[in-house]
Amino acid sequence: MKSQQELSDRFEIQDLITAYSYAIDFHRFDELDSIFVSDATLDFTATGGIAGGLSEVKEWLATVLPHFGGHQHLVATSQVLLDGDAATARTICHNPMWFKDEAQPPMFVGLWYHDAFTRTGDGWRIASRVQQKGYMYGLPSARS
């Protein structure tokens, strides 16, 4: 049986995973400061992005994502492993992305997030996030 603390930790971690999706999809990149530790590392190279620190990735997101008409980071089936004040999680993400020119069909990205979490004085935060590509469908370069 899980303790109340373990259940609370799991809910807080799940809330971070969800908060990330909303911050990205609504381009509220400053909200990432309360989701990640300040020295977090992020690696989005598996799906064509960059790897770097939080500030660098926030700048990159702010220049890349506005080129799209929209996107939805649909996350599910998080597998969370707690270990005291540290935790890891693997979460699936299905990310449809559509273009400003709605005549173009959308593209779809499927991936897993591999996250490491740490408990801070302000609660749980993501210390690192690495993408693992599952599939990419409908990329403009693949359309002939």
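The values are calculated or read from the model by the stated rules, or taken from the named source; none is laboratory data. Values in this document were obtained by computation on a predicted structure and should not be read as measured data. In this analysis, Cβ positions are derived from the backbone assuming ideal geometry, glycine residues included, and neighbour counts consider all displayed protein chains. The area values use the complete protein model at the heavy-atom level, side chains included, leaving out ligands, DNA and RNA. Shrake-Rupley method; radii C 1.70, N 1.55, O 1.52, S 1.80 Å.
Identify which of Asp85, Asp39, Asp101 has the largest mean-square fluctuation in a Gaussian network model of the chain, with springs joining Cα atoms closer than 10 Å.
Of the options given, Asp101 has the highest mean-square fluctuation.
Please report the net charge: other residues with Cβ closer than 12 Å to the Cβ of Trp124, K and R +1, D and E -1.
Net charge in that neighbourhood comes out at -3.
If you average 1/r over every pair of different alpha-carbon atoms in the chain and take one over that average, what Kirkwood value in Å do you get? If you can, show how the numbers build up before the last one.
Working: mean 1/r = 0.0628 Å⁻¹.
Taking every pair of different Cα atoms in the chain, averaging 1/r and inverting gives 15.9 Å.
Which of Arg125, Arg28, Arg90 moves most in a GNM of the chain, Cα contacts under 10 Å?
Arg28
Tally Lys/Arg at +1 and Asp/Glu at -1 over every other residue whose Cβ is under 14 Å from the Cβ of Val64; what's the total?
Local charge sum for Val64: -1.
Heavy-atom accessible area per residue, segment 1-40, 1.4 Å probe: how many Å²? Can you show the working numbers first?
Working: 2500 Å² over 40 residues.
That works out to 62 Å² for each residue.
How high is the relative contact order of the chain? Use alpha-carbon pairs under 8 Å, at least six apart in sequence, and give a whole percent.
Values: 259 pairs, mean separation 32.5, N = 144.
Averaging sequence separation for qualifying contacts and normalising by length gives 23 percent for the chain.
Towards the positive end of the charge dipole of segment 43-144, with charges on Cβ (+1 Lys, Arg; -1 Asp, Glu), say which of Ile50, Thr77, Thr88 has the farthest Cα.
Thr77
Helix-only mean residue ellipticity at 222 nm, the chain, DSSP H runs n ≥ 4 weighted -39,500 (n - 2.57), per residue, nearest 500. What is it?
Rounded to the nearest 500, it is -7500 deg cm²/dmol.
If one takes the longest principal axis of the Cα atoms in the chain, at what angle in degrees, from 0 to 90 and to the nearest 10, does the Cα axis of helix 54-64 lie?
20 degrees
Taking the Cα centre of the chain as origin, work out the dipole magnitude from +1 charges on Lys and Arg Cβ and -1 charges on Asp and Glu Cβ, in debye rounded to 20.
With only Lys, Arg, Asp and Glu charged at Cβ, the dipole is about 500 debye.
On a 0 to 90 degree scale, rounded to 10, what angle separates helix 4-25 from the longest Cα axis of the chain?
20 degrees
Within straight cross-link reach of Lys100, meaning Cα distance under 27 Å, which lysines are found once same-chain residues fewer than 8 apart are removed?
Filter leaves Lys58, Lys133.
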